[in-house]
1. Quick one: of the DSSP bridges fully inside the stretch 115-256, what percent are antiparallel, nearest 5?
2. Mind jotting down the distance between the C-alpha centroids of the stretch 245-297 and the stretch 449-477, whole Å?
3. Which of the peptides 482-495, 432-445 is most tightly packed, and how do the rest follow, going by the mean number of other Cβ atoms within 10 Å of each residue?
4. Suppose R0 equals 22 Å. What FRET efficiency, 1/(1 + (r/R0)^6) with r the Cβ-Cβ distance, do E223 and R199 give to the nearest 0.05?
5. To the nearest 10 degrees, how steeply does helix 337-348 sit against the main Cα axis of the chain, on a 0 to 90 scale?
6. Of the listed values (i) 48, 25, 22; (ii) 39, 31, 25; (iii) 47, 30, 23, grab the one calculated as semi-axes √(5λ) of the Cα gyration tensor in Å from the structure here.
7. Quick one: grab the alpha carbon gyration tensor of the stretch 456-603, order the square roots of its eigenvalues as a ≥ b ≥ c, and give me rounded if a/c is under 1.5, else prolate or oblate depending on whether a/b is larger than b/c.
8. Net charge within 13 Å of N414 by Cβ-Cβ distance, Lys/Arg positive one each and Asp/Glu negative one each, not counting N414 itself?
Amino acid sequence: MSLEEARQKGWDELDIILITGDAYVDHSGFGTAIIGRVLEHDGFRVGVIAQPDWTSKDAFEILGKPRLFFSVSAGNADSLVNNYTPLLYKRESDMYSPGGEPGLRPDRAVIAYANRLRQAYPDVPIIAGGIEASLRRFAEFDYLSNDVRQSVLADAPIDMIIYGMGELQAKEIAARLNAGEKIADIRNIPGTVWKMPVREWKNIRDGHDSEYSGSLEAGSFIELPDFKEVSENKEQYARAFKIIYENQNPVSGKKLVQPHPKTVIIQNPPMRELTEKEMDDVYELPYLRLEHPSYTEGVPGLDVVKNSITSHRGCFGGCSFCAITQHQGRAISNRSEESIIREAEQIATAPDFNGIISGIGGPSANMYGMTCPTWEKKGACTHKNCLVPTVCPSLNSSHERLLKLLETLRNMPNVRKVLTGYGVRFDLALQDDGYLETLCQYHVGGQLKVAPEHFCDNVTAVMRKPNREAFEKFEKKFKDINRELDLKQFLVTFQISGHPGCTMENAVEMAEYIRDNNRYTEQVQDFTPTPMTISTCMFHTGLNPFTMEKIYVPVTRTEKKMQRVLLQFRNPDNREMVEQALEAAGREDLIGSGPECLIPRNRANSYRY
C-alpha cells in the first residue's frame with residue numbers, strides 16, 4: 001500500500017494496482033484481498049490503493065504506474081447500497097471503513113475511480129471487477145436516479161469488466177498482458193465483458209468483414225434490446241433481463257450483445273466454477289486476517305467475518321431479491337473438508353481467539369456438499385427453481401457431508417463452539433431431521449437466524465421463497481427439538497417490507513399474523529432495488545420478466561413506510577403512522593381497545609406524514 005512497503009519486498013515497480021472502495025483488510029472475506037493474493041501467488045507484484053480521494057488524480061498516483069493494469073472495485077458492496085438506506089437517506093456509518101467512518105467512497109465508485117485513473121495514466125488498461133461492476137455490466141435500473149443507466153463499461157473509461165467471482169479471469173488477463181498481448185485484443189475470456197465501436201458492430205450485423213467477426217459468429221450470440229429500447233420501454237427491459245438471467249450458465253450460456261449509443265457491450269458466457277482444489281488454493285493463501293497496519297482504528301466488517309470460514313460458493317435458492325445467482329451462480333463450489341479444517345486450526349491457534357468459530361458457510365449455511373447431476377453437463381436449470389415451490393427431486397440435498405465437517409470442527413482443541421453465523425435455508429433443513437437436531441444441540445448460540453421474508457403466500461411466491469406452511473413446519477420442529485433437548489433457543493426471523501407483489505392488504509395480513517403468533521419483528525428490511533435482481537426488474541417495470549404478468553409494486557415513500565410500520569406496530573413510535581396505514585387499507589376495525597386491535601385509538605388529531 002506504499003512505495004516503502006514495495007521497496008522492503010525488493011520491488012522497484014508494481015505489475016498490477018488494485019483500487020478499492022473498502023479499507024484494505026487482508027482476509028478472504030474481502031474480494032480485493034483474494035484477487036491480490038491470487039495474483040501475488042502467480043508471481044505478480046501487486047499494490048493496493050484503498051479508499052482514495054476521488055476528487056483529484058493525486059491519490060491514484062501514490063504507487064506510480066503499474067506495468068500491466070489497474071483494477072477498480074467499489075469494494076464488498078455496491079457503493080450506492082453502501083452509502084444510502086432503502087429510503088435513500090445517507091448512511092451514518094460504513095462497516096468497510098476504519099472506525100466505521102462514512103463518506104470515504106464516492107457514489108458509483110467504479111466510474112469515479114476509472115475517470116481519475118484515465119486522467120492520471122491515459123495509456124494503462126483499466127479492468128473493473130467486484131460486485132458493483134459485475135451487476136452493472138448491462139443497462140440497469142438505478143434506484144438513486146430512478147432511471148435506467150448505461151452499462152458502467154459505457155459510462156466509464158474502462159477497458160473490460162470481470163463479472164462473477166474473478167480469480168480465473170484476473171489470472172488469465174494478467175498472464176496474457178504479461179505475454180505482450182494488448183488489452184484490445186483480449187476478447188475471448190469467459191466471465192468478462194468488453195466493448196466494440198458501433199461501426200464495427202454495424203459491419204457485423206450487415207454481414208461485412210470485421211476484425212471482430214471471428215468473436216461473434218452467427219448463432220454464437222444473442223442481441224439484447226439496445227439501451228434506447230430498455231431505457232424507454234419497460235417491456236423491453238423485462239425481456240432483456242430474462243435473456244440475461246437465462247444465460248447466466250457457464251455450460252449453455254451464449255454471448256450477449258447490447259448496443260449503446262456510443263459503444264456496444266459484449267458479454268462472454270460466464271466463467272466456470274472453481275474446482276474443489278482451486279477453491280482450497282484460493283482460501284489457503286497466506287492471508288493475515290487483519291486490517292492493514294496503517295489504520296489506527298479497526299474495520300467493523302472484519303469483526304463480522306474474522307473467525308468465520310467460507311465453505312462454499314454459489315446458491316441455488318434463486319430468491320428474487322438476491323443477486324447471488326447473477327454473481328456467484330447457482331451451482332455450488334465446495335472446499336474440501338481438509339482445507340476447511342486447516343483454516344479452523346489457524347483460527348483456533350490465534351492469540352486472540354475466543355474459542356468460538358462464528359460461522360461456517362457461504363451465501364447459505366447449509367448448501368455445503370450439495371449437488372445436482374445436471375450441473376456438470378447442462379449447468380443449473382434455466383426453466384425452473386431448485387427449491388420453490390418444492391425441493392427438486394434431482395437435487396442431492398443431503399446434509400451428510402456438512403454434518404461430518406461440523407462434528408470434526410466442534411471437537412477440535414481450543415474450540416468451544418461452532419456457530420451457524422450464516423442464514424439457514426429452512427426448506428432444505430426440513431429435508432433432514434438429523435441436521436436440524438445437530439444444529440439445535442451444538443451450533444445455535446441461543447438464536448438461529450432464518451429468513452422467511454414474508455408470511456403471505458402470494459408475496460413469497462413472487463419472492464421465490466418457501467410458503468408460510470413450510471416455515472411453520474420448520475418452526476414447530478425447531479421448538480420440539482429444543483424442548484426435547486431442554487434448551488431455551490429462539491428463531492430470529494427476517495422480513496422484507498414493501499416488496500413487489502405486496503399490497504397494503506398483504507401488509508395488514510402480515511401484521512395480523514404477527515399479532516396472532518406473538519412474533520418478534522425487529523429484523524425488518526425495507527425492500528431496496530439493488531442491481532440485477534428479479535425484484536428490481538419487477539420494481540422498475542411492474543412485470544414478472546418470466547411471464548410478463550403485471551405485478552403490484554409499492555413505489556411511493558409513504559406506502560413503503562406504511563408497510564414497514566405495520567410489521568412493527570408494537571413500537572409506540574410507529575403508532576401514528578400505523579393508524580394512517582390502517583385507515584388507508586380500510587381496516588379501522590384494527591384501531592381501538594378490542595383484543596384484535598393492533599393499536600389503541602388516539603382521540604387527538606393524528607399527525608399526517
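The values are calculated or read from the model by the stated rules, or taken from the named source; none is laboratory data. In this text, all values refer to a predicted model and were calculated from it rather than measured experimentally. Methodologically, a virtual Cβ is constructed for each residue, glycine included, from the backbone with ideal geometry; neighbour enumeration extends over all protein chains shown. These accessible areas exclude ligands, DNA and RNA; they are computed on the full protein's heavy atoms, side chains included. Shrake-Rupley method; radii C 1.70, N 1.55, O 1.52, S 1.80 Å.
1. Details: 5 of 9 bridges.
So the antiparallel bridges in the stretch 115-256 amount to around 55 percent.
2. 31
3. Numbers: 482-495: 14.3, 432-445: 17.7.
My ranking of the peptides, most packed first, is 432-445, 482-495.
4. Numbers: r = 16 Å, r/R0 = 0.75.
With a Förster radius of 22 Å, E is 0.85.
5. 80
6. Label (ii) holds the value from this structure.
7. Here the stretch 456-603 falls in the oblate category.
8. Details: positive: R410, R416, K417; negative: E345, D352.
With Lys, Arg at +1 and Asp, Glu at -1, the net is +1.
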